[in-house]
Protein chains: 2
Amino acid sequence: MGDMVSSREIGLKIKLLRQQAGLSQEKLAEMIFLTFQQVQKYESGQTTLNILKLQQIAEALQVSVTEFFSSEPTKHVRLSMEEDQLLHAFRRIKNTELRGCILKLVGNINKRTK
Amino acid sequence: MGDMVSSREIGLKIKLLRQQAGLSQEKLAEMIFLTFQQVQKYESGQTTLNILKLQQIAEALQVSVTEFFSSEPTKHVRLSMEEDQLLHAFRRIKNTELRGCILKLVGNINKRTK
DNA sequence: GCAGTACACAACCCATAGTTGTAATCTTCC
DNA sequence: GGAAGATTACAACTATGGGTTGTGTACTGC
């Protein structure tokens, strides 16, 4: 359920996002109330971030915490109850062709027939 | 971008998910190569998890790491292309009653008519 | 040249992650 | 009822590594 992400990888991501945000190590450091040397350790993976610090950094860099754990840009979607229900039902359909039909049906339901 | 989640909250979530998985503190502990007393500290929020441990726990409990950062029980689901397509189409349907019909249709598609 | 900024690296220190030990709690079974 | 077994709770100790200070280097612009 999602592969392990090493401290090194998360560190690199922090560095990347920090640079994208136009922040120096020192700037970021004071935003999370630490020294810039400590930020260096994070970025190089020398020390392992704990949850609170990671959240502080995420907030400082204006990104979601989940950003650091998704190695690829995987699709994480928040579902309503209704949508969740639909998905579960849809997944129970083993017949591939039938699923295709459902897709076509639902997809064209709003389009006026020519 | 996503509210802070305290160690306490994450701890409670771990406890909940662990129990749902039918695991004792000791079982979980050996899965992550620590003592069960340390698991206790996590669950009670006495010690702050670092990223690696959180990932190990997530893996042991068969959940995504992101699960622990969503304060409300929001459903985060990983979608296939097909499912993603279905959802988008479904959301475009404004008619509430019609959506209900789709749900019923898809939901009963496998059930044999009595 | 020098002053200022941004980053890298080493050595030290102490908070706290993680340990061991004991005890309370809740079963189940005879 | 209580013996035996698991599961959890709490306290005290240990030691790892998170976090600090200190120094050095590279790159600016004046």
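The values are calculated or read from the model by the stated rules, or taken from the named source; none is laboratory data. Computed from a predicted structure; not experimentally measured. Note that each Cβ is placed from the backbone with ideal geometry, even for glycine, and that neighbours are counted across all protein chains shown.
So for region B:26-48 (the condition being within 12 Å of another protein chain (Cβ to nearest Cβ) and touching a residue at least 40 places away in the same chain (Cβ under 8 Å)), does at least one residue qualify? Yes. Does A:VAL106 count as of a type in the set (Val, Ile, Thr) and either modelled with pLDDT of 90 or more or surrounded by fewer than 16 Cβ atoms within 10 Å (Cβ to Cβ) (or both)? Taking the combined requirement at face value, the residue does not satisfy it. Checked against the criterion of being outside any loop (DSSP other than H, G, I, E, B), facing another protein chain (nearest Cβ under 9 Å) and more than 13 Å from DNA strand D (Cβ to nearest atom), region B:12-22 has no qualifying residue. Quick check on B:GLU59: is it more than 10 Å from DNA strand C (Cβ to nearest atom), farther than 16 Å from A:ASN50 by Cα and either without any contact (Cβ under 8 Å) to a residue 40 or more places away in the chain or not in a helix (DSSP H, G or I) (or both)? So B:GLU59 passes the test.
Would you confirm, using the coordinates I've provided, whether B:GLN37 is modelled with pLDDT of 70 or more, within 12 Å of DNA strand C (Cβ to nearest atom) and part of a helix (DSSP H, G or I)? Answer is yes for this residue.
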